[in-house]
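Read through the structure below, which is laid out as C-alpha cells, and then see the notes.
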Amino acid sequence: MTARRELWTWLAVCAAGAALVLLAAGRDWFTVTYGTREVAVSAAELVPALGPAAWAALAAVVAVLATGGVWRGLVGAVMALGGAGMIAGSWWGSGADAALRIAAERAPMSAGTVPQVASAVVWPVLASAGGLLLLAGGVAAILRGGRWPGMSGRYDRQGPGPAGAAGTANRPAPAESAPSERALWDAIDEGTDPTADPDPRDR
C-alpha cells in the first residue's frame, strides 16, 4: 500500500470512528420508568464530554493532514488519548447507577416508586467502537504518520527560482505579429513587395 493510499485509509477510519461517537452521543441510553412516567436519560447527561471529544477528534484529523514531523506525532498522541477517554466514558455511562441517579433528580416526586430501567445497549457499544477506531488512528499517526504526504506541498506555487526560470525558458517565444491586410494593400500602393524581406541595413 502506498503512503497516499494509507493516509486516505486512515482518514476514512478516523472519520468513521468520530461519526459513530457523534451518533451515539446524540441518543438516549436509558429509559427509567416510574409507574406510568418515563424518564429518558441521554448520553449528553451521562457522558457530557463525549460529543465535544468527537468533534475534537475530527479537528485532530485535519491537523494531522496539515502538519508533519513531530507535530503530526503529537496530534496523533492527543487523538489516541481522546479515543481512550471515549472508551472509558462509554463504559462508565453504560452503568445503570448513573442513569438512576439522573432520573431521580429529574423526577423527585417519584421517589417512593420502584423504578424500571431499560437500557439501549447499542449506543454505548457504538461509542466504544468509535473510540477504539480513534485510539487506533492516533497510534497509527504516531507510528506511520512520518511517511504520509502532507496537503501543503501541493499548493506551493513555483517561484522565480531556477525551476521557475527553467519553466519560463522552455516556453515558446511569442510569434511575431503578422502585418494586417490594410498594411499589405498600402505597401502595394506604394510600389513595394510586401512579401519580400526588408533590407538588413534598415534593421
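In the stretch 14-53, one over the average inverse separation of all distinct C-alpha pairs is 11.0 Å, which is the Kirkwood hydrodynamic radius. Solvent-accessible surface of the stretch 1-121, averaged per residue with a 1.4 angstrom probe and all protein chains in place: 53 square angstrom.
Backbone phi angles across the stretch 41-53, fed through the Karplus curve with coefficients 6.51, -1.76 and 1.60 (θ = phi - 60°), yield HN-Hα couplings of 10, 8, 5, 5, 7, 7, 10, x, 7, 5, x, x, 5 Hz in residue order; Gly and Pro are listed as x. Here the stretch 15-115 has 69 percent of its accessible surface on carbon and sulfur atoms, given a 1.4 Å probe and all protein chains in place. Size descriptors for the stretch 34-109 (Cα atoms only): Rg and Dmax, in that order, 17.6, 59 Å.
The values are calculated or read from the model by the stated rules, or taken from the named source; none is laboratory data. These numbers were taken from a predicted model, which means no experiment stands behind them. The area values use the complete protein model at the heavy-atom level, side chains included, leaving out ligands, DNA and RNA. Shrake-Rupley method; radii C 1.70, N 1.55, O 1.52, S 1.80 Å.
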